[in-house]
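Inspection log for the structure reproduced underneath, given as structure tokens.
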Amino acid sequence: MKPVITILLALFSVLCFSQNINIELFSSGLSSPVNIKHAGDNRLFVAEKSGIIKIVSPNGTILNTPFLDINTLVRNSGSEQGLLAMVFHPDYLNNGYLYVNYINDNGDTVISRFTRSTINTADADSELEILSISQPFSNHNGGDMHFGTDGYLYISTGDGGSGGDPGNRAQDLTTLLGKLLRIDVDQTSSTHNYAIPADNPFYGASDGIKQEIWAYGLRNPWKWSFDRDTGDIWIADVGQNQIEEINMVTGGSLAVNYGWRCYEGNATYNTTNCPSSSSLTFPVAQYTHSNDGAFKCSITGGYRYRGTAQPTLQGLYFFADYCSDEIGYVQGNGNSFNLTFIDDFGSNGFSAFAEDINGELYITGLSSGNIYKIIDADLSTEEQSIFKLKIYPNPTKDSLNFDFRSTRQPIKEINVFNLQGKLVRTIFKPNNNITTIDTKKLQSGLYLIKVIAENGAIKTSKFIKD
């Protein structure tokens, strides 16, 4: 095989099958953060378990004054209780409505609306209760919320707790537990401060079936999200004994049954009085608590990356495990998905992911109180592996600089490839201090770099041409 073909195959492997993903500290000093959302601008709003929402500015600074403090309303005694989630109304800029999901003093789930009073504060006395759900046990409260592109509010709920769903609530259509709910908060009915969308799967149903139900068969959907590009729903459902699962439904299909308690992941759990497996939707990916040797216990769902700053992460769905502190991703489409764990990132207790207004992703730790940004390490400004190499500016427009001053070995050559594998530039025996190449004539996009030292050491990297 010719050397250039070998190089291209190696570069293709680096691009498609190995993701050099890392996290960088963005903010710190939070107390048990459990949910992060944006409000249509470049700030991040962080819900702390105790009942306080704080604002994090674009540079990572936490504002001293809380955006909202409802600590007196929130029961925070159990490990799965407290303020669990929040979301901003699609027209928040005009109406100032914020929705929160918390556990009250009775141990029940409350979905309430609060109203903004200033740009940086909400009125704690403006509560309008939208929905309440009785909780038989203190665990499995689920809790995430998002607005769909249809303008409706979607709410995830756990199965009510204990172990093994003793009341089979996830399969019971007469309870709101173990479900994904869909309601219209811009309308009211004679009995509720919301209305039921007419295209909900059980709209108009009788016999006590809850018309709010959009999907069911969930155990503890602690975190879930919409794919901002496709509208697909990605739900990370916490497992019972050994299996953590990731569910995905294309295009928001109706009346989906995710299978709990009949199945835990793809494995049979308790099929008493269960429907045919052919009527169930099984996970697109799963992992066991002993997967790869590290002890795992509880999945934290994230988002599918749809930003622009990390192009090699495009389309990857990110998740984490609370116990192992590992971050992973799911890659694929259709019926073919692969799950990969990236690394163990220390003692954080990852509790939530966040997507900012530009689609960039963050992750926060319950125990560390830190927020990290998820990055492609190959696009960072300084890289170290076989030898040190600094590439800047990245992204670039007119020129790209290679700083070899920290490299002990002389550099033999630099090769630049486009994503089609075509060699577009070679620089032989570059300056061992700083070498600059002209990028004005390169088309916009992602390029792969292969730097070869005289001793045969090889460094691969990437850059973006704006």
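Some observations on this one:
- Rounded to the nearest 20 debye, the dipole size of the range 24-125 about its Cα centre is 120 debye, using +1 on the Cβ of Lys and Arg and -1 on the Cβ of Asp and Glu.
- Computed label-point distance, nm, for sites Asn104 and Asp438 using a 7 Å Cα→Cβ extension: 7.1 nm
- Charges were assigned to the Cβ only: +1 to each Lys and Arg, -1 to each Asp and Glu. The resulting dipole of the range 21-377 about its Cα centre is roughly 100 debye.
- The alpha carbon centroids of the range 192-255 and the range 258-301 are separated by 16 Å.
- Among the listed pairs Lys37/Lys441; Lys373/Lys450; Lys179/Lys296; Lys412/Lys465; Lys373/Lys465; Lys49/Lys465, those whose Cα-Cα separation exceeds 32 Å are Lys37/Lys441; Lys49/Lys465.
- The length gained on full extension between Leu25 and Ile458, counted as 0.36 nm times the residue separation minus their Cα-Cα distance, comes to 153.0 nm.
- Rounded to 10°, Cα long-axis angle of helix 3-17 versus longest principal axis of the chain: 20 degrees
- Evaluated over the Cα positions of the range 101-253, the convex hull gives a direction-averaged projected area, one quarter of its surface, of 10.4 nm².
- Area projected by the alpha carbon convex hull of the chain, averaged over all directions, nm²: 24.8 nm²
- Phi-based couplings in Hz for the range 117-130 (Karplus 6.51, -1.76, 1.60; Gly and Pro marked x): 10, 9, 4, 10, 9, 10, 7, 5, 9, 9, 4, 10, 6, 9
- Contact order normalised by residue count of the chain, Cα under 8 Å, 6+ apart, percent: 11 percent
- Placing a pseudo-label 7 Å from each Cα along the Cα-to-Cβ vector at Asn335 and Lys429 gives an inter-label distance of 5.9 nm.
- Hydrodynamic radius by Kirkwood, which averages 1/r over all alpha carbon pairs of the range 293-429, in angstrom: 17.5 Å
- Charged neighbours of Leu153, selected by a Cβ distance under 11 Å, balance to -2 (K, R count +1; D, E count -1).
Taken together, the values in this text are just the output of simple stated rules run on the coordinates, not laboratory data. Just so it is clear, the structure is predicted and the values come from calculations on it, not from any experiment. In this analysis, Cβ positions are derived from the backbone assuming ideal geometry, glycine residues included, and neighbour counts consider all displayed protein chains.
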